[in-house]
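Reviewing the structure listed below.
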Amino acid sequence: MRRVSNGFAFEIQNCNKDNNSVVCTFMVANLGEVRDLYFYPQDSIIIDSTGKQLKGSEGRIGGIGRDMVWVRDMPSRVPINGKIIFKGNLPGRIVYLRLVGNFSVEWR
C-alpha cells in the first residue's frame, strides 16, 4: 500500500521475521523538486498482534545509512529501495509499522 507524507511516496514491499530481527523493505520516491530526505530508523516502530513493540535499529535508503539516513539532493520521481531492521523477536503477526524522518508514514 502506498502512503504519502511531506511529498515523499512510500510503498512497503515486505516485512520478514527471523529469530532475532524483522527486516522491512520499501520503495520511496520524492514527488517534489530535488531535495533532501531524512530517515530516523531509531524513531520508527513496529508492533505485532500481541502488542509487542520494537524500535528500529538501523535503516538504509539506496546505499546510504545506518543510524540516521540523510539523502542529499534526492531526485524527483525516481523510486529508491529502502529497508529498516528491527532487532528483537515479534511472536505475533505484524499489525502496525511507522517510518519516521522529515516525513511520517504508517501502515496498519
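Of the strands (runs of 3 or more DSSP E) entirely within segment 1-71, those holding at least 1 residues that are hydroxyl-bearing (Ser, Thr, Tyr) occupy 2-5, 21-30, 35-39, 53-61. Looking only at residues of segment 52-76 that are under 20 Å from Tyr96 (Cβ atoms) and touching a residue at least 24 places away in the same chain (Cβ under 8 Å), we find that the one that is farthest from the chain's Cα centre (by Cα) is Lys52.
Rule-based calculations on the coordinates, nothing more; no lab input. The shown structure was predicted, so the numbers you read here are calculated from the model rather than taken from an experiment. Don't worry about glycine lacking a Cβ; one is built from the backbone with ideal geometry, like all the others, and counts go over all protein chains shown.
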